[in-house]
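The values are calculated or read from the model by the stated rules, or taken from the named source; none is laboratory data. Given the structure is predicted, the values throughout are model-derived calculations rather than measurements. Neighbour counts run over all protein chains shown; Cβ positions are idealised from the backbone, glycine included.
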Amino acid sequence: MKLRAVPKMSLIYLDQNALISLGKRARTTDFRKRLDSFFSARTDAIVLSFWHLVETSYGRNPERSGELADFIESLDPAWLVERHEILRLDVLDDFCKHLRLDHEPTPRVVSRSEMFAGLDRQTGGPSFRGTLRQFVALWRKHRLEVGYEESAKVADRMRRAKKSGKVTPQATVRAARELIRSVLPKFTPSGLQIPPSTAKEYLSQVDFSSIPSVALDVAISGYEWAQSGALGTARNTLIDKVHLLSALPYADELVTDDHLFYGVHDVAKRTGHVRARLLECGEFLRRFEDNRLKSSAGASECSVPPKEER
């Protein structure tokens, strides 16, 4: 199925705490009217990802999680395809360029139904057709923590390896090429099987810095491993990284007050693949404030719960 891109707009990606803050403000009728009026102009659009739903499922209060899911649904946002799918598409684009194939890149920002359809193709499961409240409730019931814990262990090992000088440029290239190999297509977009020799030749010469997902992964991981201590809980650190990898190349603005995002942004920009500028939550909320309100009102509403409560 060929994905359809959302209409050309300025794409605003909210981190989870910014999304929560916006939801709290939107409980008031006046603010909600201004919010709806702003986006009805269709020059700007909220864009979210599957991982917002994952984070929503971790709220301490199930009903509050449901309320946030309802709010997300009411925004009718655009959706980034899942992080692994973005990686696969980025590699496909670079591979087709290498082979000089006539290839039109697949949109990364799509409708909700197309986002879920992509997840279904990855898992082989049935297509989800319920409400976002229902999805969050299901995820809350069946989620697993093993992946987060394993990621934290790997990050800790890599932090020690970097400190001891074992993370060399050669090792970085090998790891990046292995990541690329894991999603390398077996068929061309027109359905022709790709010979193993062609894939091997591509991998031997590929420049990972030309592939947005891989270049950003290397840059952000390097920043993470250079930190002296843990950046947060295993789950939150991993999901924050996924938000960055997904949003930085494909959104125009990333709304966050998270210190990690600001620390990583300068490092990530050096890859040449960063499109999104960072925007403080208070500045974003003030776009919907009445001129009669004090400019500090938006910032006062941007206090967020600790990471552990997300």
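Identify all residues within the stretch 172-202 that are within 26 Å of the chain's Cα centre (by Cα) and either of a type in the set (Val, Ile, Thr) or farther than 23 Å from GLU104 by Cβ (or both); write none if there are none.
Once the filter is applied, which keeps residues that are within 26 Å of the chain's Cα centre (by Cα) and either of a type in the set (Val, Ile, Thr) or farther than 23 Å from GLU104 by Cβ (or both), the stretch 172-202 yields THR172, VAL173, ARG174, ALA175, ALA176, ARG177, GLU178, LEU179, ILE180, ARG181, SER182, VAL183.
Looking at LEU184, LEU203, which is the one that is touching a residue at least 24 places away in the same chain (Cβ under 8 Å) and either part of a helix (DSSP H, G or I) or touching a Cys at 6+ places or on another chain (Cβ under 8 Å) (or both)?
None of the other options fit; the residue is LEU203.
Considering only residues that are free of Cβ contacts under 8 Å to residues at least 24 places away in the same chain and either more than 26 Å from PHE128 (Cα to Cα) or surrounded by 20 or more Cβ atoms within 10 Å (Cβ to Cβ) (or both), which ones fall in the stretch 94-115?
Residues satisfying the conditions are LYS97, ARG100, ASP102, GLU104.
Only one residue in ALA152, ALA175 is at pLDDT 80 or above, in a helix (DSSP H, G or I) and hydrophobic (A, V, I, L, M, F, W, C). Which one?
Of ALA152, ALA175, the one residue that is at pLDDT 80 or above, in a helix (DSSP H, G or I) and hydrophobic (A, V, I, L, M, F, W, C) is ALA175.
Among the candidates GLY130, GLY165, which residue alone is in a loop (DSSP other than H, G, I, E, B), of a type in the set (Gly, Ala, Ser), at pLDDT 70 or above and under 27 Å from ARG112 (Cβ atoms)?
GLY130
For HIS259, only one of the following conditions fails: (1) more than 30 Å from ILE211 (Cβ to Cβ); (2) at pLDDT below 95. What is its number?
Condition (1) is where HIS259 drops out.
Could you tell me whether any residue of the stretch 236-248 is in contact with a strand residue (DSSP E or B) (Cβ under 6 Å, 6 or more places away or on another chain) and buried (at least 18 other Cβ atoms within 10 Å of the Cβ)?
yes
Considering only residues of the stretch 3-49 that are β-branched (Val, Ile, Thr) and in a loop (DSSP other than H, G, I, E, B), which is modelled with the lowest pLDDT?
VAL6
Against the conditions (1) of a type outside the set (Phe, Trp, Tyr); (2) crowded, with 18+ Cβ neighbours inside 10 Å; (3) out of contact with any helix residue (DSSP H, G or I) (no Cβ under 7 Å at 6 or more places or on another chain); (4) not in a helix (DSSP H, G or I), where does LEU89 fall short? Just the number, please.
It fails just one condition, (4).
Starting from the stretch 208-226, take each residue that is under 16 Å from GLN170 (Cβ atoms) and list its partners that are of a type in the set (Ser, Thr, Tyr) and surrounded by 19 or more Cβ atoms within 10 Å (Cβ to Cβ), counting only C-beta distances under 9 angstrom and pairs at least six apart or across chains.
SER209/THR271; VAL218/THR271
Suppose the filter is over 25 Å from GLU85 (Cβ atoms), part of a helix (DSSP H, G or I), modelled with pLDDT of 90 or more and out of contact with any strand residue (DSSP E or B) (no Cβ under 6 Å at 6 or more places or on another chain); does GLU308 pass it?
no
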